[in-house]
Amino acid sequence: MNGKSAESSSMHGKIALPIAAGLALAGALLNWIYLDTKAQQLEKIEFLCVASGATIRPGERFTEDKLAPLAIPKNNVGENLADEAIKYDDRGTVIGMAAVRLHREGEIILRQDLKTPPATLTLNKDKEVAIFIPVDTRTFIPSLVSAGDLVSFMVGGVPTPAAPPDTDGSGDENGGLPAMPSAPGNAELIGPFKVLSLGNRLGSAEVLKASGLPQMQENVMTISAEVTAGQLDPKAAKLWKLLQANGFRQVGVVLHARPSGASP
């Protein structure tokens, strides 16, 4: 009996050791998971936000005193926030920029908040109107022309019709002489006119790019003209008349010198 009892105790011991080892391993794993969760809760990411008591209005500059860090636990930071929000350590890239909308205290600064919105077409005088002119983008570099520039247009120069072939039967064996080559007409320079926009761009190409909008319809230039008593000013009226005569074909663009100190 004593021999059997000793053998049974030995077997129980052999079974208990793996169970104890498994429980210890499970306990260690649970402890690691707990500590990792706590570490993530304690680890925080600081994002840039508007300081307490501060308000940044449209047009105002972001300054150090109006900005503050906002700490968020790492495991609470979603993918969208991580991609769109600006970290506090990167505040130097924001300071000095002008706000494009109202920012209230505690509000996180997002990358989309820093995009410059495209300008809107505005007419500053009671008699000012906008005229849309088809332009030939093969003859100038659109990105070098911005709103506020002065341009003139090369209108005309349409080739004259080719002379008809000789119909008297003389000439080559096929009958008649070949048509005479067409000759270019004389183009006329009309201007200057103030540029209001080039396609959908009402400022520089850089500003439009910063707004996230694509450049469209660069082959249409918007210019400023005046209307008095229901009539266009003589210069604009002459331009429009020539455009009509040419079937509103695209015209060439001549850029005038900018005033001293004006930005390109």
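The values are calculated or read from the model by the stated rules, or taken from the named source; none is laboratory data. A quick note: this is a predicted structure, and the numbers were derived from the prediction, not measured. Because the Cβ atoms are built from the backbone with ideal geometry, glycine has one as well, and the counts that use them run over all protein chains shown. With ligands, DNA and RNA removed, areas are computed over all heavy atoms of the protein, side chains included. Shrake-Rupley method; radii C 1.70, N 1.55, O 1.52, S 1.80 Å.
Taking only pairs six or more apart or across chains, which ones have beta-carbon atoms under 8 Å, a first residue in segment 188-213 that is open to solvent by 30 Å² or more (accessible area, probe 1.4 Å) and of a type in the set (Lys, Arg), and a second residue that is assigned to a strand (DSSP E or B) and modelled with pLDDT of 90 or more?
So the pair list comes out as Lys194/Leu150; Lys194/Ile223; Lys194/Ser224.
Limited to segment 107-119, what total is found for residues that are assigned to a loop (DSSP other than H, G, I, E, B), more than 30 Å from Leu239 (Cβ to Cβ) and modelled with pLDDT under 90? Working first, answer last.
Taking segment 107-119 and keeping what is assigned to a loop (DSSP other than H, G, I, E, B), we get 107, 109, 115-119.
If we keep only those that are more than 30 Å from Leu239 (Cβ to Cβ) too, we end up with 107, 109, 115-117.
Those still in the list that are modelled with pLDDT under 90 too: 115-117.
The total comes to 3.
What about Glu218, is it open to solvent by 50 Å² or more (accessible area, probe 1.4 Å), among the acidic types (Asp, Glu), at pLDDT below 70 and over 30 Å from Val94 (Cα atoms)?
Working: open to solvent by 50 Å² or more (accessible area, probe 1.4 Å): yes; among the acidic types (Asp, Glu): yes; at pLDDT below 70: no; over 30 Å from Val94 (Cα atoms): yes.
Judged against the criteria, Glu218 is not a match.
Could you check segment 125-141 and list, in sequence order, the residues that are exposed (fewer than 12 other Cβ atoms within 10 Å of the Cβ) and acidic (Asp, Glu)?
Passing the criteria: only Asp126.
For every residue, the table says whether it meets (1) over 21 Å from Pro214 (Cα atoms); (2) free of Cβ contacts under 8 Å to residues at least 12 places away in the same chain; (3) among the small types (Gly, Ala, Ser).
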site: Ala99; (1), (2), (3): yes, no, yes
site: Leu102; (1), (2), (3): yes, no, no
site: Ile108; (1), (2), (3): yes, no, no
site: Thr120; (1), (2), (3): no, no, no
site: Val129; (1), (2), (3): yes, no, no
site: Pro134; (1), (2), (3): no, no, no
site: Ser143; (1), (2), (3): no, no, yes
site: Met154; (1), (2), (3): yes, no, no
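With the requirement that a residue be closer than 20 Å to Ser146 by Cα and at pLDDT 90 or above, what does segment 237-264 give you? Walk me through how you get there before you give the answer.
Here is the first cut: in segment 237-264, the residues closer than 20 Å to Ser146 by Cα are 250-264.
Across segment 237-264, the qualifying residues are Gln250, Val251, Gly252, Val253, Val254, Leu255, His256.
Within the group Thr122, Thr139, which residue is assigned to a loop (DSSP other than H, G, I, E, B), modelled with pLDDT of 80 or more and of a type in the set (Val, Ile, Thr)?
Values: Thr122 fails: modelled with pLDDT of 80 or more.
On inspection, the qualifying residue turns out to be Thr139.
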